[in-house]
Amino acid sequence: MVLPTSGNAIKFSEIEGEFGGHSTNAIGAYRLSETYGGLTRPLDDGIPTTANSSTPIKWSDFHGKRLNVIVDAHTDAASVRVDGKTEYTNNNVNLVGGSSGLSGVSRNASDSSGHRVFIRVNKEIGSAVGSQTNAAVHLLANDSVLHLCCVLLRKIIPTKCCSTFTCNSQ
């Protein structure tokens with residue numbers, strides 16, 4: 001679920017429901033970032049991290065924020081034709097905050113709506129020869145249930161490329 005937008009009150013229980021709880025029950029516990037396969041992500045964009053600890057963390061930093069989920073296409077993922085939706089559904093993911101002491105966070109493996117999902121690719125992934133549907137990384141960009149952002153560190157080498165999606169180089 002996406003937290004309430006600006007102008008709407010946010011309850012601490014809503015922050016805990018979206019990102020998980022912390023034993024300190026302190027808003028400062030949500031000042032974090034985590035690294036997966038070379039990609040460092042904050043809890044969500046706009047929420048201060050330990051790297052910018054001079055910036056105060058405020059309730060308003062959480063307006064419109066949502067859980068960041070990293071689909072793992074960097075550890076044990078196939079070297080040819082990675083299907084982002086399959087990896088997401090099969091729980092081959094990392095939940096940002098899960099390694100920093102936040103607990104109780106959950107996600108629906110069959111529905112990513114309300115989450116920001118990244119596919120982390122930092123190795124060469126090949127595709128199959130044939131039609132455009134044989135892309136190296138299949139994002140299912142037209143699937144209304146699954147909205148994925150593809151974050152690249154290294155080059156993806158397809159033999160045929162499907163250009164129906166845009167990759168952010170973050």
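Rule-based calculations on the coordinates, nothing more; no lab input. For clarity, every value in this text was computed on a predicted model and none was experimentally measured. Glycine also receives a Cβ, built like all others from the backbone with ideal geometry; neighbour counts cover every protein chain displayed.
The table below lists the values:
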| quantity | calculated |
| --- | --- |
| Derived scalar couplings ³J(HN,Hα) [segment 55-64; Karplus, 6.51 cos²θ - 1.76 cosθ + 1.60; whole Hz; x for Gly, Pro] | 8, x, 8, 10, 4, 5, 5, 9, 4, x |
| Nonlocal amide H pairs with Ile119, under 5 Å, H built at 1.01 Å | Val71, Cys149, Cys150, Val151 |
| Trypsin sites (Lys or Arg not before Pro) within segment 39-103, DSSP loop, no more than 13 other Cβ atoms inside 10 Å | Lys58 |
